[in-house]
Amino acid sequence: MAWVTITGSVVSTSTKFGGTDHGNKIANMFNGVDVTDTVTINSAVSWTFENGSFYLRNPADTFSYLFTPSAIVANRTLTLPLLTGTDTVVVESLAQTLSNKTFVTPALGTPASGVATNITGLVATTGLTATGTKDTTTFLRGDDTWTVVSGYDEPTIGSTSIPSGATVTTIAGLTLTTPDIGTPSAGVLTNATGLPQSGVTSLVSDLALKSTLASPTFTGTVTTASLDVAGNNIDNVQNIINDLSTATTAIDFAGDDFQEISISANTTFTASNYAIGKSKTIVITTDATERTLAFPTGWIFLNSSKPTEQQASKKGILSLTCQTGLEGGVIAMYAAEDNTALDNIPVSQLADGTDGELISWDTAGAPTTVAAGTATHVLTSNGAGAVPTFQAAAGGGATETIIATADQAVNNSTTLVNSTYLTKALTASHFYTGMLILNTNTSTSADMDFAFTDIASATLDYFTIWNLGSANLSATSWGTEAKINGTGSDTYSVYYFQVKVPAGGGTLQIQFAQTTAEASDTKILEGSMITLIDGGAY
């Protein structure tokens with residue numbers, strides 16, 4: 001412990017100690033060191049210690065009391081009471097007997113013992129514990145004590161003794177003869193006999209309103225609750241007659257099975273409350289105008305497609321069955337009155353057929369189809385009473401134009417390449433006359449060569465009618481290159497040609513390249529074209 005300050009109204013050391021300075025005796029006293037001298041401390045002196053505890057020795061000088069302060073965070077004052085006599089300090093854990101103490105709202109817990117003679121405000125329902133023995137001859141007094149009732153005998157009914165306060169449920173050895181039991185609050189008549197029908201309220205009158213069980217006859221409106229036969233059959237039903245109610249365009253599967261709706265505008269139907277096994281039949285009636293119809297996209301129509309309209313002043317019937325509880329599980333069928341004349345039939349209502357066939361009628365007047373022909377064939381009449389057919393055109397005369405739909409270029413190459421756009425398959429054993437219009441762009445140093453691809457055994461003649469700056473403008477064999485002089489800008493060239501196609505047929509195609517290889521584009525431009533006139537078979 002550190003000895004810090006001694007302050008008071010006196011200032012001299014001898015006055016502070018009430019005598020001479022005894023050296024370290026005061027410090028030793030608080031540090032537990034023996035002090036044999038008598039030290040008197042002046043009452044006007046204040047002592048301050050810090051950083052430790054101090055000891056007080058017992059009178060036998062065998063042990064010490066160690067006084068240790070807590071780590072307080074502010075100054076605290078401990079005031080000793082004014083004692084009128086010798087007393088003892090009360091501490092936390094020491095078992096001590098207290099007197100003249102007042103507790104303010106204490107929580108006493110469960111005292112081990114106590115005398116409550118002068119206690120007031122005790123609650124009888126929760127603060128008392130009965131004493132004595134509870135039995136059939138005692139009662140609970142106001143002081144919560146069970147007390148024997150004197151001069152009391154338990155009553156007996158028949159051979160059954162009735163204890164005080166007991167509830168009698170069974171009385172043995174008792175027979176009641178013609179008793180008047182009033183109106184019991186409860187009772188069990190399982191073994192009772194002889195009860196007249198008149199003894200049951202309204203029994204006779206209610207039974208009179210009921211039909212016999214054998215061949216019953218019902219009158220009025222018979223109302224039943226929902227019937228669930230748990231997967232069993234309902235047999236021998238003659239008719240099931242459904243109510244007819246009015247539907248709206250919002251079809252509700254929780255509503256009546258049989259409904260009708262009249263529409264006077266183009267109509268889109270919706271639906272709700274889908275459930276497995278639910279079904280509906282709806283009669284649709286149109287006004288004096290044809291009306292379009294639309295249905296939920298998930299419905300599956302068995303007649304291949306949903307109807308798109310219903311004719312004016314007609315009736316249609318829509319049958320719906322839920323295979324699942326979702327829109328996509330609805331199986332639908334639709335039919336409507338026939339029109340007086342079959343017209344305006346939507347293409348979607350036609351049966352599937354074969355691409356390229358045509359609808360016609362056979363020699364018996366029944367509907368049939370004309371088989372699809374091959375490419376370049378034309379529909380040819382075979383006279384009255386015969387179905388037309390597709391045949392090869394006789395005598396030629398057909399004209400066709402093939403147009404380049406985009407530019408095509410070669411670069412730094414003198415090798416001929418095929419034109420992507422200027423190409424045409426020719427009919428075997430036919431004679432063609434054609435015109436080639438080339439729109440080109442090539443530099444003055446590269447120039448451009450073009451030629452026709454080789455068709456084996458075919459003959460070819462071509463010549464120019466107009467070309468800018470070209471010299472070699474004619475050839476009579478396949479693969480012979482014709483030169484188009486480059487100008488560095490767009491150049492137009494027009495050629496006429498004739499082709500005699502052999503029996504094996506062939507493809508007419510333009511080829512082009514640079515006359516002199518150069519790292520610049522040589523192009524056949526969009527809009528170049530070939531026009532062919534088929535002169536027919538030779």
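Every number here is computed from the coordinates shown, using simple stated rules; none is lab data. What you see is a predicted model; the values in this text were computed from it and never measured. Backbone-built Cβ (ideal geometry, glycine too); neighbour counts: all protein chains shown.
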*Over the alpha carbons of the range 399-537, what is the largest minus smallest coordinate on each principal axis, giving the biggest first in Å?*
45, 25, 24
*Summed side-chain charge close to Ile402 - residues other than Ile402 whose Cβ falls under 14 Å, Lys, Arg +1, Asp, Glu -1*: -2
*Determine, for Arg76, Arg291, the number of other Cβ atoms within 10 Å of each Cβ, and report the residues in order from fewest to most.*
Arg76, Arg291
*Stretch gain in nm, segment Thr444-Ser202, where the contour uses 0.36 nm per residue and the Cα spacing is subtracted*: 74.8 nm
*Nearest 20 debye, what's the magnitude of the dipole of the range 244-339 about its Cα centre given +1 on Lys and Arg Cβ and -1 on Asp and Glu Cβ?*
160 debye
_Below 15 angstrom from the Cβ of Gly199, what's the summed charge of the other residues (Lys, Arg +1; Asp, Glu -1)?_
-2
*Using modelled amide H (1.01 Å from N, peptide plane; none on Pro or chain starts), what sits under 5 Å from the amide H of Asp407, excluding residues fewer than 5 places away?*
Glu526
*Distance from a point 7 Å along Cα→Cβ of Ser413 to each backbone N in the range 434-454: keep the residues under 19 Å and list them by number.*
440-443, 446-454
*asked:* Run the simple label-point estimate for Phe301 and Thr324 please: 7 Å along Cα→C-beta, distance reported in nm.
replied: 2.1 nm
*Order of 62-74, 370-382 by packing, highest average Cβ count within 10 Å first?*
370-382, 62-74
_Calculate the FRET efficiency for Lys424 and Thr224 from the Cβ-Cβ distance with a Förster distance of 60 Å, rounded to the nearest 0.05._
0.15
*Nonlocal amide H pairs with Thr459, under 5 Å, H built at 1.01 Å*: Lys500
*asked:* Taking a virtual spin label 7 Å from the Cα of Gln498 along the C-beta vector, which residues in the range 428-446 bring their backbone nitrogen under 17 Å of it?
replied: 429-436
_Under-5 Å amide H pairs with Leu426, H placed in peptide plane, nonlocal only_ = Gly506, Thr507, Leu508
_Contact order normalised by residue count of the range 244-339, Cα under 8 Å, 6+ apart, percent_ = 26 percent
*When Met333, Met448 are ordered from fewest to most other Cβ atoms inside 10 Å of their Cβ, what list results?*
Met333, Met448
